[in-house]
Amino acid sequence: MTSKTTSAKTVKALEGVLADTYVLAVKAHGFHWNVVGSDFVALHGFFGDQYEALFEAADDIAERIRALGSPAPASLAAFLKLTRVKEAGDKPLDAKAMIKQLLADNEQLSAALLKAAEVADSAEDAVTEDFLVGRAEWHDKQAWMLRSLLG
Ligand SMILES: [Fe+2]
């Protein structure tokens, strides 16, 4: 049986990866809008798929927090306070710089998700642990595709 303290730690870990996921979704969305260059069509589509999947993932993470009985953080201010993902900023970026940022962010998020999975494991919360490991797998796949785009 999960104690209140260990479940609170799991919720805290989920809040962190929720914020990371949301901020990364906003970043991918901005790249979808602003990418330029000869690979525009492919990258516009790829970044579009990324932000849509990330928004859906943020929804799943927030709903896991709710399933554990806690309120989910739900403001941009809260996400910016909690996130470890750096925002893209307003400076225009070329396509390669966008891909490099998303690659580093996906690698970082995969590691953060596995750390959060360990917290869930310590709390004997196999469902959250499994969910977080699955999320890490998704980010590993994105990282592979982004790495492949760099050649
Ligand atoms: Fe669009």
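Rule-based calculations on the coordinates, nothing more; no lab input. These numbers were taken from a predicted model, which means no experiment stands behind them. Please note: Cβ atoms are built from the backbone with ideal geometry, for glycine as well, and neighbour counts cover all protein chains shown.
Taking only the Cα atoms of segment 1-77, the radius of gyration and Dmax are 15.9, 56 Å.
Given a cut-off of under 8 Å on Cα pairs at least six residues apart, what relative contact order in percent is computed for the chain? All intermediate terms of the calculation are to be shown ahead of the outcome.
On the way: 175 pairs, mean separation 47.6, N = 151.
Relative contact order, the chain: 32 percent.
For the chain, just say rounded, prolate or oblate: build the C-alpha gyration tensor, square-root its eigenvalues into a ≥ b ≥ c, call rounded for a/c under 1.5, and beyond that prolate if a/b exceeds b/c, oblate if not. Note, shape of the chain comes out prolate. At the listed q of 0.16, 0.26 Å⁻¹, the Debye profile of segment 86-151, built from one uniform point per Cα, gives log10 I(q)/I(0) equal to -0.59, -1.00.
Computed from Cα positions, the angle between helix 40-67 and the longest principal axis of the chain comes to roughly 10 degrees. Couplings for segment 29-39, taken from phi via the Karplus curve 6.51 cos²θ - 1.76 cosθ + 1.60 with θ = phi - 60°, read 5, x, 5, 4, 6, 9, 5, 9, x, 5, 9 Hz in order; Gly and Pro are left as x. With a threshold of 31 Å on the Cα-Cα distance, the over-threshold entries among 9/141; 86/141; 4/81; 9/91; 27/115 are 9/91.
Give me 49, 125 sorted ascending by neighbouring Cβ count inside 10 Å, so fewest comes first. Write out the running numbers ahead of the final one.
Numbers: 49 13, 125 21.
In increasing order of surrounding Cβ atoms, one gets 49, 125.
Given the options 132, 102, 82, which has the most mean-square fluctuation in a GNM of the chain, springs set between C-alpha atoms less than 10 angstrom apart? Among 132, 102, 82, the largest mean-square fluctuation in the Gaussian network model of the chain belongs to 82. Sorting 122, 38 from the fewest to the most surrounding beta carbons within 10 angstrom yields 38, 122.
Can you give the angle from 0 to 90° between the axis of helix 126-150 and the longest principal axis of the chain, with both taken from C-alpha atoms, to the nearest 10? Once rounded, the angle reads 10 degrees.
Net charge near residue 143: determine it from the other residues with C-beta under 15 Å of the C-beta of residue 143, scoring Lys and Arg +1 and Asp and Glu -1.
Details: positive: 27, 100, 135, 141, 147; negative: 20, 49, 105, 107, 137, 140.
Result for the local shell: -1.
Each of 130, 121 was scored by other Cβ atoms within 10 Å of its Cβ. Listed from fewest to most, they are 130, 121.
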